[in-house]
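Just so it is clear, none of the values below were taken in a lab; they were calculated from the coordinates. Treat the numbers as computed from the prediction; the structure is a model and nothing was measured. Here the Cβ is made from the backbone with ideal geometry for all residues, glycine too, and neighbour counts use every protein chain on show.
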Amino acid sequence: MNEFLASFAFALTVTGPTFIVLVLGIVFKRIGLLSESFIEGGSKLVFNVSLPILLFMSISKTQFDQSANVAIVAYGIVATLISYVLLEFISYFFVKPSHDRGVFVQGAFRSNMGIIGLAYCVNAYGQTAIGAASLYLGIITILFNILSVITLSRSLHKGASPINAIAKGIATNPLIIGILLALPFSYFQWHLPAVVLKAGDYLANLALPLALLCTGATLNFRSLQQAMGNTIGASLAKLALVPTLFGIGAYLVGFRGIDMGIIMLMAFAPTAAASYVMVRAMGGNANLAANIIALTTLGSLVSTSLGIMILKSWQLM
C-alpha cells in the first residue's frame, strides 16, 4: 500500500501542475483575462523566443555527453518509425473515408513534446531533465514533421511530398535552431556573459507557464460532442497504443531511470497543436485534427498518471 501511495503521489507531482495550469488557461479565457490577441501573441512568443531560449540555455549549460544522449535519440527514431508504419497499416483497414487517414495517423503519433512533454519531464526530474530531453525533442520533432507531410500528402492525394517545404520547415523551426546553436556551447564549454545569462533565464522562465496557459485557452471541448469513430480511435492509439509500444521496446533495450522517464513522458504527451495547423494548411479535415488534440490533451492527464504509477511501482523510472 505504501508503495502504491508513493507511486500515486509521484504521478500527481508530474501531471498535477500541468493540469492545473491548463485549467487556469481555460478559466482565464472564459472570464476574459486572456483575449484572443494575447493568446495568439503569447503562443508566438513561446514558440519563437522563450522556448528556444529555454532549450538553448539548458543545453549550453550541460556537459555535451549528457545533452547528446545518442542512445535515447536513436531509440526514439526507431520507435517512432515503427509506430508510424503500424498506424499507417491500421488506418488503411479501419479509417474511413480514406482522406482522413493521414489526419488519423498524424494525430496518433505526433506528441506535444515541446510544451507538455517537456513540462512532464521538468516536473518529474527538475531542470536537469531539460538538457537530457532537448536533443531528443529536436531530432524527433524533425522526424515528426517529415512523417506528417508524407502521411497527409498520401491520404489527400497531393502527389509526392514537397521536399523543399519539409526542408524549409525544419531549417526555420525556432526550437531546432535553438538546440543547434547551443551544441557548440555545450561541447566546448563556452560561457555567456553573466548579464546575458540572467536575461536569458528571465525569458526561459516564461516558456512553460505561458505555453501551458495558452494551450489551455485554445482548447475547444465543445467540439468533443462530435468525437466519434476516427477521433476516438486516434486518441486511443495516442494515449495507449503508442506509449505501450515505446515502453515495451525501451524495457527490452534496457533503458531505466531518467532515460526511461524521458522516453515515456514524451510518448505520453498528447497530440501536438501543430498537427492542426499542418492539416488545415494542406486542406485536410481540420475538425478531426482539432478533436484529436482536445481529447488527447484531456485524456493524457489520466493515461500519463496511470503510466507513471506503473513505471514507478516497477522501479523503471
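Rounded to the nearest Hz, the phi-derived 3J(HN,Hα) couplings of the stretch 191-198 under the Karplus curve 6.51 cos²θ - 1.76 cosθ + 1.60 (θ = phi - 60°) are 10, 7, x, 4, 5, 5, 4, 5, where x marks glycine and proline. Taken one residue at a time, the phi angles of the stretch 138-155 give Karplus couplings (6.51, -1.76, 1.60, θ = phi - 60°) of x, 5, 5, 4, 4, 5, 4, 4, 5, 5, 5, 5, 4, 5, 5, 4, 5, 6 Hz. Gly and Pro are set to x. Put simply, the convex hull of the Cα atoms in the stretch 226-317 casts, on average, a shadow of 6.1 nm². The count of lysine pairs in the chain with alpha-carbon distances below 28 Å, taking only pairs 8 or more places apart or on different chains, stands at 13. Summarising the label geometry, the points placed 7 Å from Cα in the beta-carbon direction at residue 167 and residue 252 lie 3.6 nm from one another. Taken as Cα centroids, the stretch 168-185 and the stretch 3-41 sit 28 Å apart, rounded to the nearest whole angstrom. Computed about the Cα centre, the dipole magnitude for the chain is approximately 520 debye when only Lys and Arg (+1) and Asp and Glu (-1) carry charge, each at its Cβ. Just need the Rg to Rh number for the stretch 2-313, please, alpha carbons only, Kirkwood Rh. In the stretch 2-313, Rg relative to Rh is 0.95. Under 20 Å from a point 7 Å along the Cα-to-Cβ line of residue 281: which residues of the stretch 175-198 have their amide N that close? 175-180, by backbone N distance to the label point.
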